[in-house]
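Worksheet: the structure to be examined is printed underneath.
The values are calculated or read from the model by the stated rules, or taken from the named source; none is laboratory data. Worth saying up front: this structure is predicted, and the values here are computed from it rather than measured. Counting neighbours? That spans all protein chains shown, and the Cβs are built from the backbone with ideal geometry, glycine included. Ligands, DNA and RNA are stripped out before the accessible areas are found, and what is left, the full protein with its side chains, is counted by its heavy atoms. Shrake-Rupley method; radii C 1.70, N 1.55, O 1.52, S 1.80 Å.
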Amino acid sequence: MSELTLTLLRLAFLVGLWLFVLFTVLALRRDLRAPREARPARLDLSGPEPERVRQPKPVKAPKQPKKSKNTVGTALLVEEGPLAGTVILLGTEQVTIGRAPDSTLIADDDYVSSRHARIYPSEGVWMVEDLGSTNGTWLDRSRITSPAVLNPGVPVRIGRTVVKLQA
Amino acid sequence: MTMTERGFRPAVRFTQPTRRWLELFLIACGWGLGVLGTLQVGWTTGEPLGRRFWITAVVVGALAVIAHLVVRWRIPYADPFLLPVATTLTIIGLVMIYRLDVAAIQSAERRNQIPPTPDVYAQLTWYAIATMLFFAVVLVVRDHRRLQRYTYTCGLFGILLLILPLLPVIGSTVNGATLWVRVGSFSFQPGEAAKILLTIFFAGYLVMTRDSLAVVRTKFLGIGLPRARDLGPIFVAWVVSLAVLIFQKDLGTSLLFFGLFVTMLFIATQRRVWLGLGAVLFAVGALGSYFAFSHVRVRVQIWIDPFSFAQDQGYQIVQGLYGFANGGLFGTGLGNGYPQLVPFANTDFIVSALGEELGLTGLFAIVLLYGVLIERGLRTAVAVRDPFGQLLAAGLSITMALQVFVIIGGVTRLIPLTGLTTPFLSYGGSSLVANWIIVGLLMVMSHRARQPVAVQHSEPDALTQVVPITRGK
């Protein structure tokens, strides 16, 4: 092997190593643009409704819930409390919040009951319901006593945890 | 199902990008890099590569692809960066170990001695075992929350493993540090396994106690101090670390455990006072052991002035520094330097071997790969939905970060040298296996964190484990 070939090989390995780092970092950048890893990649319409809700886009303030047949809101964002920063992608199933280990969101907090509240989809909107908790579930400023419509951007306070629905 | 009773029809199904193809692509890049490096070693040193090389390359590739397929099958939403980066680091380690083998064989031939058995095949076997254990973690653990039930069991076994090398028959001292257990011809470092078990224990324990640990009672000089009775755990961790330092003469492990505990305490309570307290305790311990123990004093003196010990205790680090100097900015090229002149070049000093042959440029790329690995781990900690998982993911990433910092810092003379293995790169089974288990745990956690809720509930058998409710309240 000539000296030149070896020098080229030597540089090729370094370039290869840096290309690997570069690929990784470029791919990582996508995470920075959608920081919470919360954006669904695509929307599979398996149900009968053909229309689709345009995804994320900045919050367009609480909309009339009955506008569309599809459920408004794509993710629950934990804004305060021990799990602040967590995002739960919403699908078609309910989200339970409580201290019980099988809850979707396990709030490790003395002010939260075992099964505190649930957030579930109903006729195109997300509803929040208190499950008989000790300290109550607060929608904006008022304690809820019956299932209430959860609009995007309205804070739900459960113990020290505050969650918000993302549009 | 309450949902169907309410007449709700599933209309929209969300799919999270799994980015598994990216993972496969990156794995392929890492494998190609390994092949290129090994070919370069062969051509430069004139050592024939032969069939053995291609078998090795195929085995490594197969292991990586099977790992990828298992991830696709069981934890499709797991983080797509952890596996390829860990695989690439392991492959770079294999290339360097092979390169050092070649050096050893050639120098033995020149002196007409029997060539030593190459280490690279042993390391390859360990990589296979590590991959199997990675599968075991992915298939068996599945839900990290189950680990929380074994908090105290893990703590107990972790401590037992830590003191195991001190036991008379099986413990053995290598190069002055008692951190090996030898049963027959088989030896391992229990400290590596203890690292994982203790992280699980710290996470479980801190989840239970963090509320009381976060209480600030006494104010002293404007700093809010925790209550006196809450200081217990940090003192226990401190005493245990000191005991490891005194009895096993293992500076690295001691530093690792104390650092891990203090950082996790800080993450759990979000009180900076714990960091301050940890720093004070560390300073007291470090100064105390500097004056009390000669082995610590010698390490510090070598660190401050290695060249006056160049022929005896400082030989290793001085040779390592010469290696870095010889490598310069772009390195000598694989197979072209003299990394074999450094004692233990394939374990503690693999970084200096890489620094010599790949140069500063190559070393930075490797450090960046560690950075990516740790960032993904911490990101998993942010995304996980339960407090135990958060602490566990953060703790595991921090163990890795601390270890990388302590060993690379030691070899480059930023801090006094302590014997720790370089994760994934170093020759040695215990370390490789332990680090792959960490990757497995992080990937299981990130799968659960990134998995959309809908999928989680609609396929209860396949993807989730229903944790039985322990009636606490």
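The Cα center of region B:391-418 and the Cα center of region B:129-155 differ in position by 23 Å. Computed from label points 7 Å out along Cα-Cβ, the spacing between B:THR209 and B:LEU287 is 2.7 nm. Per residue, the accessible area of region B:17-451 comes to 39 Å² when a 1.4 Å probe rolls over the protein heavy atoms. The distance linking region B:435-450 with region B:268-301 is 32 Å (Cα centroid to Cα centroid, whole angstrom). Chains B and A together bury roughly 6100 Å² of accessible surface, counting both sides and using a 1.4 Å probe on protein heavy atoms. Remark: chain B carries a charge dipole of roughly 1640 debye about the Cα centre, counting +1 on each Lys and Arg Cβ and -1 on each Asp and Glu Cβ. Remark: relative contact order (region B:295-408) = 18 percent; criterion is Cα-Cα distance under 8 angstrom and separation of 6 or more residues.
Derived scalar couplings between HN and Hα for region B:348-353 equal 4, 9, 5, 5, 6, 5 Hz in order, rounded to whole Hz, by the Karplus curve 6.51 cos²θ - 1.76 cosθ + 1.60 (θ = phi - 60°), x for Gly and Pro. Under the criterion of Cα pairs below 8 Å and six or more residues apart, the relative contact order for chain B equals 22 percent.
Volume of the convex hull of region B:24-134 (Cα atoms only), normalised per residue: 84 Å³. The phi torsions of region B:389-399, fed into the Karplus equation with coefficients 6.51, -1.76 and 1.60 and a -60° offset, translate into couplings of x, 4, 5, 5, 5, 4, x, 5, 5, 6, 4 Hz, rounded to whole numbers, with Gly and Pro shown as x. Only DSSP H runs of four or more residues enter the estimate; each adds -39500 (n - 2.57), and after division by the residues of chain B the mean residue ellipticity at 222 nm equals -22000 deg cm²/dmol. Other residues whose C-beta falls under 10 angstrom from the C-beta of B:TYR290 contribute a net charge of +2, scoring Lys and Arg +1 and Asp and Glu -1.
Per 10 Å bin from zero, what fraction in whole % of the C-alpha pairs of region A:73-164 is there, up to the bin with the longest pair? That works out to 19, 59, 22, 0, in percent per bin.
Counting charges near B:ILE350 (Lys, Arg +1; Asp, Glu -1) among other residues having Cβ under 15 Å from its Cβ returns a value of -4.
Projecting the Cα atoms of B:ALA345, B:GLY371, B:LEU358 onto the charge dipole of region B:319-394 (Cβ charges, centred on the Cα centre) puts B:GLY371 farthest toward the positive pole. Each Cα pair under 8 Å and six or more residues apart adds its separation to the average, and for region A:73-164 the resulting relative contact order is 27 percent. When B:HIS295, B:HIS68 are compared by accessible area of protein heavy atoms, the largest-first order is B:HIS295, B:HIS68, using a 1.4 Å probe. Diffusion coefficient (Stokes-Einstein, Kirkwood radius over C-alpha pairs, 25 °C, 0.890 mPa s) for chain B: 103 µm²/s, rounded to a whole number.
If the only charges are +1 at each Lys and Arg Cβ and -1 at each Asp and Glu Cβ, what is the size of the charge dipole of region A:73-164 around the Cα centre, to the nearest 20 debye?
Working: 8 positive and 11 negative charges, 33 e Å.
For this selection, approximately 160 debye.
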